[in-house]
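The structure is given below, and queries will be raised subsequently.
Readers should treat all values here as calculations from the given coordinates under stated rules, not as data from a laboratory. In this text the structure is predicted, and so the values were computed from the model without any measurement. Positions of Cβ are generated from backbone atoms using ideal geometry, with glycine treated the same way; all protein chains shown enter the neighbour counts.
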Amino acid sequence: MDRPRVAIFDFACCEGCQLQIVNLEEELLDLVDSIDVVEWREAMTETSHEYDIALIEGSITRAEDEKRLEVIRTRAKTLIAFGACATMGGVNMLKNNFDLADVKKCVYGKSANMPHLDTMETKPVDAVVKVDYKIHGCPIDKNEFTYVVRCLLMGKKPEIPEFPVCVECKAKGNPCLWDYGQVCLGPIIRAGCGSRCPSSGFRCFSCRGYIDNPNTTAAKDVIEKHGLSVEMLKSKMVLFGTGQGPTNA
Ligand code: SF4
Ligand code: SF4
Ligand code: SF4
């Protein structure tokens, strides 16, 4: 691809994944030599309706967001959802567990019925438009971000891991946190983060979403070996687990 035009858009999110892009620092300068960034609200004032690649951060939580996203899709040759909010709804999906009117009242109090605070059940980007590639994580791994962009520049399909976090964790020689009383979701969650959390002594809490074919039998064996129930495991998956299916693009 010859110096493609790239636009970055955000929807409902904390913008932490865009911050990961900013955090690329010198590598970001290299990258912008190879691409033409035509819109990026967080970093520039210019806007454009003409772009080849659209990068979408955030989940879809309003009817007007669906319309905006559909327009972006019609303009972009390639659309990439980046960050858990975009790839699987992320933490914003939590609200789908409750009555929407109650959620609005809890957040906005007396102002809950003002028209500009209208909301709907949270959707990941691919529930609204076709997504070509996904960059998982909350936040994204900045190295994986540059890998995906560089693959596209070279006309290659990026390879996103289709194996669990445990593989990266074991390769690092980490002790298993299940043996230290933590309910780690590594056996069923997509690798690619370098087992970031278990390598720091904290359980994987599933921000990259499920792998496509989790070894549920092995996971069940681990749960039973440690005297826990599937229900308890599910209770540890609420943060990123609401309404989740496999997350691969
Ligand atoms: S995925 Fe996480 S870090 Fe990225 S925008 Fe959403 S909440 Fe923020
Ligand atoms: S600590 Fe978690 S990721 Fe690491 S091997 Fe154990 S279950 Fe897998
Ligand atoms: S270890 Fe799990 S929770 Fe932590 S970054 Fe990786 S996928 Fe996300």
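Rounded to the nearest angstrom and ordered from largest down, what semi-axes does the equivalent ellipsoid of the stretch 165-237 get from its C-alpha gyration tensor (root of 5λ)?
Values: eigenvalues 61, 39, 24 Å².
The three semi-axes for the stretch 165-237 are 17, 14, 11 Å.
Under 5 Å between amide hydrogens, which residues at least 5 positions from residue 135 or on another chain qualify, with H placed 1.01 Å from N in the peptide plane?
The answer is 81, 82, 83.
Now for a separate question. Greater than 21 Å separation of Cα atoms is the criterion. Which listed pairs, 170/225; 172/220; 105/236; 95/123, meet it?
Details: 170/225 19 Å; 172/220 24 Å; 105/236 26 Å; 95/123 11 Å.
Pairs exceeding the cut-off: 172/220; 105/236.
Mind telling me which of 76, 112, 84 comes out most flexible in a GNM of the chain, alpha-carbon contacts under 10 Å?
Ranking 76, 112, 84 by mean-square fluctuation puts 112 first.
Still on this structure, please answer the following. With no solvent and one equal point scatterer per Cα, compute the Debye intensity ratio I(q)/I(0) for the chain at 0.09, 0.14, 0.16 Å⁻¹ and report its log10, rounded to two decimals.
Values, matching the q order: -0.43, -0.97, -1.18.
Give the cross-link partners of residue 157 among the lysines, using a straight C-alpha distance below 21 Å as the criterion and excluding same-chain residues fewer than 8 apart.
By straight Cα distance, residue 157 reaches 77, 130, 134, 142.
For the stretch 8-17, just list the computed ³J(HN,Hα) in residue order, Karplus coefficients 6.51, -1.76 and 1.60, θ = phi - 60°, integers in Hz, with x standing in for Gly and Pro.
Those phi angles translate into 10, 10, 10, 10, 6, 5, 9, 6, x, 6 Hz.
In addition: Specify whether the C-alpha gyration tensor of the stretch 5-153 places it in the rounded, prolate or oblate class, a ≥ b ≥ c being the square roots of the eigenvalues: rounded for a/c under 1.5, otherwise prolate if a/b is larger than b/c and oblate if not.
prolate
Using a simple charge model, +1 on the beta-carbon of Lys and Arg, -1 on the beta-carbon of Asp and Glu, nothing else, what dipole does the chain show about its Cα centre, in debye to the nearest 20?
Dipole magnitude for the chain comes out near 720 debye.
Using a Förster distance of 25 angstrom, determine the FRET efficiency expected from the C-beta separation of residue 162 and residue 77, and round it to 0.05.
0.50
Among 211, 233, 185, pick out the residue whose Cα is farthest towards the positive end of the charge dipole of the chain, where Lys and Arg carry +1 and Asp and Glu carry -1 on C-beta, about the Cα centre.
Result: 233.
Now, a different point. When all alpha-carbon pairs of the stretch 104-249 are counted, what percent fall beyond 28 Å?
31 percent
In deg cm²/dmol, rounded to 500, what helix-only [θ] at 222 nm does the chain give when every DSSP H run of at least 4 residues adds -39500 (n - 2.57) and the total is split over its residues?
That calculation yields -9000 deg cm²/dmol at 222 nm.
Would you kindly enumerate the cysteines in the chain that have no other Cys beta-carbon under 4.7 Å from their beta-carbon?
14, 17, 106, 151, 166, 169, 176, 184, 193, 197, 204
Rank by packing, highest mean first: peptides 43-52, 124-133, 148-157, with packing defined as the count of other Cβ atoms within 10 Å averaged across residues. Present the calculation step by step, with values, prior to reporting the outcome.
Numbers: 43-52: 12.3, 124-133: 19.2, 148-157: 14.8.
Top of the packing list down: 124-133, 148-157, 43-52.
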